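The values are calculated or read from the model by the stated rules, or taken from the named source; none is laboratory data. Treat the numbers as computed from the prediction; the structure is a model and nothing was measured. FYI the Cβ positions are ideal-geometry reconstructions off the backbone, even for glycines, and counts take in every protein chain you see.
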Amino acid sequence: MPLFGNSFSPKKTPPRKWASLSNLHLLDRSTREIELGLEYGTPTMNLAGQSLKFENGHWVSESGSFLGDRREVQRLRKRNQQLEEENNLLRLKVDILLDMLSETTAESHLMEKELEELKQHSRKKK
């Protein structure tokens, strides 16, 4: 008897002869849905009294009580568009200011260099 050996070694199970006895895997998707009851319909949910259903990748109101909120959504979309335009304008202004700062910094460095050259030139004359 080995000290650290495996004392338990189960027999291997024989492979299956048939994968499935059911013919349902041979049916197309729509027939399987009918046979097995897999047709769930569209997903729905109820949030704050609003009944919503999921269609074409978006949540849509089932009832007509969403009309009051449509005005709010339209107002928010308009405000969002205004803020996006303002944001684009501010980004443009920041880009212009950065360009102006870069130009001024480059000119400043050039002037400092010229000043140092003039100082060295005047020291050489003395």
Open item on the list: Within the stretch 103-123, does at least one residue satisfy the condition of being at pLDDT 95 or above and under 35 Å from the mean Cα position of the chain (by Cα)?
Closed with: no
Open item on the list: Please pick out the residue among Q74, Q50, Q81 that is modelled with pLDDT under 80 and surrounded by 10 or more Cβ atoms within 10 Å (Cβ to Cβ).
Closed with: Q50
